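Participant: After the structure tokens below, expect a handful of questions from me.
The values are calculated or read from the model by the stated rules, or taken from the named source; none is laboratory data. Small disclaimer: the values here were computed from a predicted structure and weren't measured. Please note: Cβ atoms are built from the backbone with ideal geometry, for glycine as well, and neighbour counts cover all protein chains shown. Protein only, heavy atoms only, side chains kept; ligands, DNA and RNA dropped before computing areas. Shrake-Rupley method; radii C 1.70, N 1.55, O 1.52, S 1.80 Å.
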Amino acid sequence: MAIVPFAAQSYDEFPESRETCEGMRSLAMDKSAVGVDFHLDVPYAERDGRTLHLQIFVPVRHGDGPDARYPLVVYVQGSAWMEQEIHRYMAQVERIAARGFVAAVVEYRPSTLRPFPAQVQDAKTAVRFLRKEAARYRIDPARVALMGDSSGGHTAVLAGFTAGVAELDTPLYGEYPCDVRAIVDYYGPTDVSRMCERPSTQDHISPDSPEGRMIGGYNVLEHPEKVAPTVPMRYIGREPLPPLLILHGTKDRLVPFHQSVLLYEAMREKGKDATFYRVEGADHGGPAFWAPKTLDVVCGFLARCLK
């Protein structure tokens, strides 16, 4: 038996085997295929005695060199602003990474620990941390978007609309910017004082409602001063404002479809870049929002904004 000594060689230098055997079949390598590396439970901040984490998904393509960089989508998972099931949508978010984006799922402080604007502050801190660690996770720091579902959509929109608003921010990693170039909002609340104007299966008014807890444990209709800073439409006049994509189901039982209508109409009125898709028959989330055709819309929008 001849022994071939090992040698350090690059992929291009290494010889390809030409051996064959009876019955063997061949399958051409798809060089456009995208794999995904997971970096789980990455700590990014310590707040209120709690360590906050990111779940980071990094695309991998054949031929990637050490300097390969991808656009970043920072995903804020909804939870009615309360405790997140932070690993619940990992399989879905991985689909975004498989389309060529670094995707990072943000853990924020729940309203039971710290009410608004803690969630927005945490999302901004996560953006800054990821810019700080851009080289480690193959991120292009110039191409960053925010995305979220339900309360995470509300958080993503506010974080994207209010870069530079001091009262909705903290100084951690302040040497890195938190602005983004696009926002994707999956069925997020927009004006919680108007949630009760349309049918819903959930209380949106009392101090113990998700909205009441979000503003600190107050009756939503009795405390407009607490609600006002949580309304994204309040910040639409600011410049610059990232392009916005909204998707909302027409049978959403928790966050009325009308909430997205309010935001879209306000964006249109101010001449801002906004795109709105009604997902016909869809409830509050579910597979319809992760179907290939839906992701074609989302990832097409992200590609346009992050090119």
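Participant: Report, to the nearest whole %, how much of the accessible area of region 7-46 belongs to carbon and sulfur atoms, 1.4 Å probe, protein only. Walk me through the intermediate numbers first.
Facilitator: Working: 1960 of 3860 Å².
Of all accessible area on region 7-46, carbon and sulfur atoms account for 51 percent.
Participant: In degrees, nearest 10, range 0 to 90: what is the angle between the Cα axis of helix 258-269 and the longest Cα principal axis of the chain?
Facilitator: On a 0 to 90 degree scale, this one is about 90.
Participant: What ranking do 10-18, 138-146 get when scored by the average of other Cβ atoms within 10 Å per residue, highest first? Working shown, then result.
Facilitator: Values: 10-18: 6.3, 138-146: 21.7.
Highest mean packing first, the order is 138-146, 10-18.
Participant: Run the helix sum for the chain: -39,500 (n - 2.57) per DSSP H stretch of 4+ residues, divided by residue count, reported at 222 nm to the nearest 500 deg cm²/dmol.
Facilitator: Details: 7 runs with 69 residues, N = 307.
Value at 222 nm, helices only, nearest 500: -6500 deg cm²/dmol.
Participant: Per residue, how much accessible area does the chain have with a 1.4 Å probe, in Å²?
Facilitator: Values: 15050 Å² over 307 residues.
Normalised by residue count, the accessible surface of the chain is 49 Å².
Participant: Heavy atoms only, probe 1.4 Å: what % of the accessible area of region 129-244 goes to carbon and sulfur, would you let me know?
Facilitator: Values: 2270 of 4520 Å².
Its accessible area is 50 percent carbon and sulfur atoms.
Participant: Using the Cα gyration tensor of region 207-285, with a ≥ b ≥ c the square roots of its eigenvalues, what is the shape: rounded (a/c below 1.5), prolate (a/b larger than b/c) or oblate (neither)?
Facilitator: Values: a/c = 2.79, a/b = 1.19, b/c = 2.36.
Taking the square roots of the gyration eigenvalues as a ≥ b ≥ c, region 207-285 is oblate.
Participant: With a/c under 1.5 counting as rounded, go ahead and sort region 117-205 into rounded, prolate or oblate using the C-alpha gyration tensor (a ≥ b ≥ c being the square roots of the eigenvalues; past the cut-off, prolate if a/b is larger than b/c, else oblate). Numbers along the way, then the final one.
Facilitator: Details: a/c = 2.98, a/b = 2.05, b/c = 1.46.
Here region 117-205 falls in the prolate category.
Participant: Sticking with this structure for a sec: Please give the helix 151-161 orientation as an angle from the longest Cα principal axis of the chain, in degrees from 0 to 90, rounded to the nearest 10.
Facilitator: Its long axis makes an angle of about 90 degrees.
Participant: At q = 0.11 Å⁻¹, work out log10 I(q)/I(0) for the chain with the Debye formula, treating every Cα as an identical point scatterer and leaving solvent out; two decimals please.
Facilitator: So the normalised log intensities are -0.66.
Participant: So, one more: How far, in degrees from 0 to 90, does helix 292-305 lean away from the longest principal axis of the Cα atoms of the chain, to the nearest 10?
Facilitator: So the helix axis and the longest Cα principal axis differ by about 90 degrees.
Participant: Something else: What are the lysines whose alpha-carbon lies under 18 Å from the alpha-carbon of LYS132, with same-chain residues fewer than 8 places away excluded?
Facilitator: Correct list for LYS132: LYS124.
Participant: From the square roots a ≥ b ≥ c of the eigenvalues of the alpha-carbon gyration tensor of region 10-125, which class results: rounded (a/c under 1.5), prolate (a/b over b/c), or oblate?
Facilitator: Values: a/c = 3.69, a/b = 2.80, b/c = 1.32.
Verdict is prolate for region 10-125.
Participant: Would you mind getting me the FRET efficiency between ASP12 and ASP179? Use the beta-carbon distance for r and R0 = 35 Å, nearest 0.05.
Facilitator: 0.35
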